[in-house]
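Let me begin by presenting the structure, written as structure tokens, before commenting on it.
None of the figures in this text is laboratory data; all of them are computed from the coordinates on show. Note that the structure is predicted; figures quoted are calculated from it, not measured. Cβ placement follows ideal geometry from the backbone for every residue including glycine, while neighbour counts extend to all protein chains displayed.
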Amino acid sequence: MTARMHRMPFGAEVGPRATAFRLWAPGADEVTLLLDDGSRTFAMRARGDGFRETAVDDAAAGTRYAFRIDGQVVVPDPASRANPDGVHGQSIVVDPLAYRWRDATWRGRPWEEAVVYELHVGAFTPRGTFAAIVERLPELADVGVTAIELMPVAAFPGTRNWGYDGVLAFAPAAAYGTPDDLRGLVDAAHAHGIMMLLDVVYNHFGPEGNYLHLYAPQFFNPRHRTPWGAAINFDAEGSRTVRDFFIHNALYWLEEFHFDGLRLDAVHAIVDDSEPHIVAEIACRVRERFDGCREVHVVLENDRNQARFLRRSASGRPVLATAQWNDDLHHALHVIATGESDGYYADYATSPVASVGRALAEGFVFQGQASEFRHGEHRGEPSADLPPAAFVSFAQNHDQVGNRALGERLVSLADPGVLRALVACILLSPAPPLLFMGEEFGASTPFLFFCDFDGELADAVTRGRRAEFARFPAFRSDAARESIPDPNDPATYSASKLDWAEPVSMPGRKWLVYYQTLLAVRRRHVVPFAREVAHGGSFDVRDDTLLFVRWTARRGATLHLVANLSNEAAENVAFPAGERVYAGDAALAPTGMGRELPPFCVALFVDPAQ
């Protein structure tokens with residue numbers, strides 16, 4: 001069995017003779033370490049670089065500790081490995097070497113094999129814990145899932161939260177279990193051949209429980225503003241320590257918890273005018289640490305469509321990030337599925353099928369074009385030279401479901417036949433797909449926005465949430481907005497939990513079989529092909545509804561996807577040459593012959609190299 005520990009200049013570290021405690025507090029005159037509910041105190045020495053440190057020889061694993069700043073405020077460790085009593089409580093000394101890993105032979109999986117399953121730990125199961133997920137791993141593996149992506153688990157205020165309000169970046173949320181429970185989940189997933197990815201938030205801290213401004217104001221740069229206040233300081237005085245804090249956080253999850261990758265939330269909201277950009281530096285450090293050892297993946301969410309972070313080396317390996325969530329593809333698919341054209345969907349409403357084709361073939365739809373939704377602002381960078389593996393495709397995720405007023409999933413918004421066709425476009429294309437938890441069995445439960453704040457902050461969040469939807473016709477009246485579930489109400493959280501009776505119901509079983517079938521075709525025909533694709537593909541659209549997409553591999557083989565995305569049959573379709581490996585329930589003519597393609601039907605052909 002293997003033990004793993006990431007060494008870093010922050011926090012509490014158990015050593016052979018003593019436990020070292022370190023805190024970066026450049027704004028404090030005095031820092032005192034408190035142990036065992038304050039019954040023991042130790043003055044922390046100043047090192048001259050803003051750090052305070054001390055070592056205690058009998059502070060073993062399980063010891064509770066905190067820091068007192070200037071004789072007044074008591075704060076937890078911002079690099080705490082565990083905070084069992086919440087973000088305002090004491091931290092606890094953790095010895096990561098005490099956990100014995102069973103996955104010593106695990107080296108990860110190539111990104112082209114990824115079928116990502118995004119889940120929220122609390123809402124995925126009735127118990128809402130890391131341990132409860134372990135019980136469901138065989139079912140996910142049976143569907144064809146090869147990677148689980150956890151929404152953020154860094155400690156947040158209260159017991160219910162999406163995770164994007166985290167304030168203790170190194171401590172798994174106590175509501176979900178202990179650090180060893182999380183290690184056990186990763187260990188078990190690897191035993192099932194499933195990669196584990198973690199969503200991390202490096203663009204802001206949550207609005208409650210962040211004490212850094214009291215003793216380390218240099219952690220923030222008031223010159224830059226974000227939707228959450230002063231930006232994290234990545235480019236002004238003191239930024240080297242701040243940058244190291246987040247670089248170590250990335251390495252910590254990957255090394256100490258053996259995660260297979262990270263998804264960096266909203267990197268477009270990270271303000272950094274220095275070089276290298278913090279996203280590039282994190283990605284470089286990850287590559288330096290793990291390339292050649294095991295497969296580790298860095299995935300971005302980036303509304304700016306900056307292809308620069310996705311470039312490949314001459315050998316086809318990612319230089320920085322592995323991939324980016326392809327919101328453009330989602331938005332175009334959503335327009336087809338629902339007919340909605342509000343907000344950012346307006347940019348895709350004129351030619352949604354062509355937008356789907358471009359996104360499948362070239363990655364971004366917006367590669368420098370002006371955006372109507374953004375008042376003519378030019379958005380994006382050219383991406384057609386990137387391989388499909390640089391993009392993650394999805395029809396649903398936590399944002400696109402949960403940021404709806406009522407948290408509806410597509411299964412309740414779209415015709416089933418339309419939805420089946422759009423899912424086929426995603427799962428049969430070379431880009432790694434992402435499923436949102438429950439999607440595979442047509443979950444009817446909503447995924448609502450929920451949190452657990454108190455007092456004035458809770459009231460402000462509830463009012464703000466409802467005010468967001470005032471511009472939508474359905475919620476213009478005060479009464480309609482009052483019907484939007486209160487994020488702080490425990491019932492909102494409960495309503496968002498999956499109903500595990502649904503997968504065994506007849507509708508749920510039919511959806512499961514559909515996803516299993518498509519993922520089996522993907523595993524057999526698409527994944528081997530995807531490994532050989534070095535750049536984007538091409539596409540054509542006929543009559544605004546009939547889509548042809550082609551990708552060519554290094555050795556000359558071609559993958560063809562043909563999709564009729566309309567309510568009427570497409571006639572005189574010239575099917576491509578090659579083996580037809582999927583056509584749903586349609587009885588198509590032999591390869592190469594023209595034939596009718598039924599409404600909302602998708603076919604896949606593989607033409608081997610000559």
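For the reader, a short list of remarks on this structure follows.
- Max-minus-min Cα coordinates of the stretch 375-482 on each principal axis give 49, 37, 29 Å, with the largest extent listed first.
- Ellipsoid semi-axes for the stretch 67-196, based on the Cα gyration tensor and the rule √(5λ), read 30, 16, 12 Å when sorted largest first.
- In this structure the amide hydrogen of residue 557, modeled in the peptide plane, comes within under 5 Å of the amide hydrogens of 609, none closer than 5 places in sequence on its chain.
- Under 5 Å from the amide H of residue 570 lie the amide H atoms of 597, each residue being 5 or more positions distant or on a separate chain, with H modelled from the backbone and absent for Pro and chain starts.
- Of the peptides 67-74, 303-310, the ranking by mean beta-carbon count within 10 Å, highest at the top, reads 303-310, 67-74.
- One Cα centroid belongs to the stretch 439-471, the other to the stretch 144-165; the line between them spans 16 Å.
- Ordering 102, 522, 109 from the fewest to the most neighbouring beta carbons within 10 Å gives 102, 109, 522.
- In sequence order, the stretch 139-156 has phi-based couplings of 5, 5, 4, 5, 5, x, 5, 10, 8, 10, 10, 7, 4, x, 10, 4, 3, 10 Hz under the Karplus curve 6.51 cos²θ - 1.76 cosθ + 1.60, θ = phi - 60°, and Gly or Pro positions carry x.
- Here the peptides 284-296, 415-427 are ranked by packing, the mean other Cβ count within 10 Å, and the order with the highest first is 415-427, 284-296.
- Largest first, the three principal axis extents of the alpha carbons in the stretch 11-98 are 35, 27, 22 Å in whole numbers.
- Packing-based ranking of 557-569, 12-24, 374-386 yields 557-569, 12-24, 374-386, ordered from highest to lowest mean Cβ neighbour count within 10 Å.
- Sequentially through the stretch 346-362, phi angles give Karplus couplings (6.51, -1.76, 1.60; θ = phi - 60°) of 4, 5, 10, 6, 6, 9, x, 5, 5, 5, 4, x, 5, 5, 5, 7, 10 Hz, Gly and Pro residues having no value and appearing as x.
- Residue-averaged 222 nm ellipticity for the chain, from DSSP H runs of 4+ at -39500 (n - 2.57), nearest 500: -7000 deg cm²/dmol
- Percent breakdown of C-alpha pair distances by 20 Å bin, ordered from the shortest bin, for the chain: 19, 53, 24, 3, 0
- Farthest toward positive dipole pole in the chain [+1 Lys/Arg, -1 Asp/Glu at C-beta], among 286, 500, 42: 286
- Rounded to the nearest 20 debye, the dipole magnitude of the chain is 1320 debye, with +1 charges on Lys and Arg beta carbons, -1 on Asp and Glu beta carbons, and the Cα centre as origin.
- Percent breakdown of C-alpha pair distances by 10 Å bin, ordered from the shortest bin, for the stretch 1-148: 10, 30, 26, 20, 13, 2
- The share of alpha-carbon pairs in the stretch 248-330 lying farther apart than 15 Å comes to 57%.
- Approximate spin-label separation residue 97-residue 568, in nm, with each point projected 7 Å along Cα-to-Cβ: 7.3 nm
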